[in-house]
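Some notes on the structure that comes next.
The values are calculated or read from the model by the stated rules, or taken from the named source; none is laboratory data. It should be emphasised that the depicted structure is a prediction, and the values quoted were computed from it without experimental measurement. When we count neighbours, we look across all protein chains shown, and the Cβ atoms used for this are built from the backbone with ideal geometry, even at glycine.
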Amino acid sequence: MPEFTVGGDSFLLDGRPVRLLSGAMHYFRVHEAQWGHRLAMLRAMGLNCVEAYVPWNLHEPHPGRYEDVAAAGRFIDAAQAAGLWVIVRPGPYICAEWENGGLPHWLTGPLGPRVRTRDPEFLAAVDDWFDAALPQVVARQVTRGGPVLMVQVENEYGSYGSDRAYLRHLADGLRARGVTVPLYTADGPEDHMLTAGTLPGVPAALTFGSGAREAFATLRRHRPDGPLMCAEFWCGWFDHWGEEHVVREPADAVAALAEILGCGASVNFYMAHGGTSFGGWAGANRAGELHRGALQPDVTSYDYGAPVDGYVPAARVLAALGGPETESGVPPTFEELDVDRGLVRYRFRVPGPRRPYPLLVTGLRDVAVAYVRDAAGERRIALAGEEAPLGDVAGPAEVEVWVESLGRVNYGPRLGEPKGITGGLLHERQYVHGVRARGLRLDALDDAEAVAALPYDPPDTAAADGPDGTDRTDRTDGAGLYRASAEVARPGDAALELPGWGRGWAWVNGFCLGRYWAAGPQEKLYVPGPVLRTGTNEVLLLELTAPGTEPLLTPPPP
């Protein structure tokens, strides 16, 4: 069995340093039928681990009456099937913007401020909870052939209290019930939090959204050695009813993540996939610096600005719904591939070895995204204009060009002009011949059964275009098919807003609304009332550049 241990400055897997690249996903906020898909998306992000809470109040709604505690075990099994390690946070307190922070109402009601302390009545209830929940974790530890690497003691306790006897009771209770993998604590990077929320002999991790170097410097004052880990990297945030939607700019999150990784630390994205607080389980905050002001109830969505949503990479959509791939000497046009509305992917090889020369797409109609892969790595290039340069490229190289028609001319002498790459690919002054092309017609996505059956299996990260000609389907740059849902109380004419989205097409309940594009000036798509239905409505987006925040379905202005 693999052995996961804590070294002097890093985590060790079978004695070798390993960096944990983890993402939080709450199994209780995602329908179980979708666990496999969402976990596969985390794996496609390049993560090697998933982290999850276990909510006590969900599984013990009444004293001694447990409901589906086995769901935690099934989720751990699903994570292992997806090729991910697992970090478990069994509480008793979880926060998570979840009702009562995961603590049962029937316990906090009579105990009040005695919860999360050494109070015997509270500890007795916690012990019963651990007796019920921990077998799902213990049986799936890495030491027993499972994926569980670590278990957290409580959650950000230093933000709440300072009862070390309580924390020690929890740690001892985890060990007594068979948890043999490393334990850890997680707290904010402030002295009072780290002095109150940590335990001697238990690794300490941090929670923050930015300022990694300063945060880890604070930790080092308390813990001179041990692995560095951001146990919650807040790549987004949650929303309250009646307040502005919180948006974190991707560039800002990327810079903060780069700082964490530059410190040599492990990281856990909070959230990697947010999900939904189904069944009225969303929690609330109190306003103000001391969190004692007005009530701020959390919205139902737990999107959290997470990088993963319902998504199928564009290449998988193309492989499943597109036409057969053709091979010819020169690029075929859209017309030759029988694509009236949609896009075409062209694939070329620049032979080698040869020195870098300018690479040019000639006769491009109308816009494209190109990927060039050579010895220097992969570059993504946005293309527009009939003469579209890709920069200097050395051979051998693989070139992939996704071309989109912006509409055929309907007036004047260029009526009937073809779409696609109508010229060729020039490397210096030499045409590159030998082209593979596959088209995707928009009406292929009108088939609801075909769209529902799209492959959501974990992508094979080894299947990249190379000398063997295998089809690359693992690209995670954001181009692809996204699902979302919108609740409608009274169907009627509405508008679809897509804040932050780039360019693509939108469907609502299988009805294609048309193209959206951040270039403007149009900012909303009209949704005819008859398209909508009372309750849940499905929104489907074929995004070709980069995804934005959650779609908004609202009545149009008068």
Filtered residues of the range 1-31 (kept if in contact with a helix residue (DSSP H, G or I) (Cβ under 7 Å, 6 or more places away or on another chain), in a strand (DSSP E or B) and either closer than 26 Å to Asp303 by Cα or without any contact (Cβ under 8 Å) to a residue 60 or more places away in the chain (or both)): Gly23, Met25
Within the range 32-71, count every residue that is in a helix (DSSP H, G or I) and basic (Lys, Arg). 2
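Output yes when any residue across the range 149-158 is at pLDDT 95 or above, of a type in the set (Val, Ile, Thr) and surrounded by fewer than 18 Cβ atoms within 10 Å (Cβ to Cβ), and no when none is.
no
So that you can scan it fast, the table gives a plain yes or no per residue for (1) surrounded by fewer than 18 Cβ atoms within 10 Å (Cβ to Cβ); (2) in contact with a strand residue (DSSP E or B) (Cβ under 6 Å, 6 or more places away or on another chain):
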| residue | (1), (2) |
| --- | --- |
| Asp172 | yes, no |
| Glu190 | yes, no |
| Thr198 | no, yes |
| Ser210 | yes, no |
| Arg213 | yes, no |
| Phe216 | no, no |
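Out of Phe269, Phe238, which single residue is surrounded by 15 or more Cβ atoms within 10 Å (Cβ to Cβ), under 21 Å from Leu552 (Cα atoms) and modelled with pLDDT of 90 or more? Write out each step before concluding.
Details: Phe269 fails: under 21 Å from Leu552 (Cα atoms).
The conditions single out Phe238.
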Give me a count of the residues in the range 385-443 that are in a loop (DSSP other than H, G, I, E, B), exposed (fewer than 15 other Cβ atoms within 10 Å of the Cβ) and out of contact with any Pro (no Cβ under 8 Å at 6 or more places or on another chain). 16
Which of (1) out of contact with any Phe, Trp or Tyr (no Cβ under 7 Å at 6 or more places or on another chain); (2) in contact (Cβ under 8 Å) with a residue 24 or more places away in the chain does Trp237 not meet, given it meets every other one? (1)
Pull up the range 102-133, narrow it to residues that are aliphatic (A, V, I, L, M) and free of Cβ contacts under 8 Å to residues at least 12 places away in the same chain, then point me to the one that is farthest from Glu154 (Cα to Cα). Leu111
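State whether the residues of the range 353-364 include one that is among the basic types (Lys, Arg) and loosely packed, with under 15 Cβ neighbours inside 10 Å.
So the first thing to find is which residues in the range 353-364 are among the basic types (Lys, Arg), and the list is 354-355.
From what's left, loosely packed, with under 15 Cβ neighbours inside 10 Å: 355.
Within the range 353-364 (the criterion being among the basic types (Lys, Arg) and loosely packed, with under 15 Cβ neighbours inside 10 Å), the answer is yes, since at least one residue qualifies.
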Taking the range 161-207 and keeping residues part of a loop (DSSP other than H, G, I, E, B), under 18 Å from Arg116 (Cβ atoms) and of a type in the set (S, T, N, Q) leaves Ser162, Thr198
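Does at least one position in the range 246-256 carry a residue that is buried (at least 18 other Cβ atoms within 10 Å of the Cβ) and part of a loop (DSSP other than H, G, I, E, B)?
The answer is no; no qualifying residue exists.
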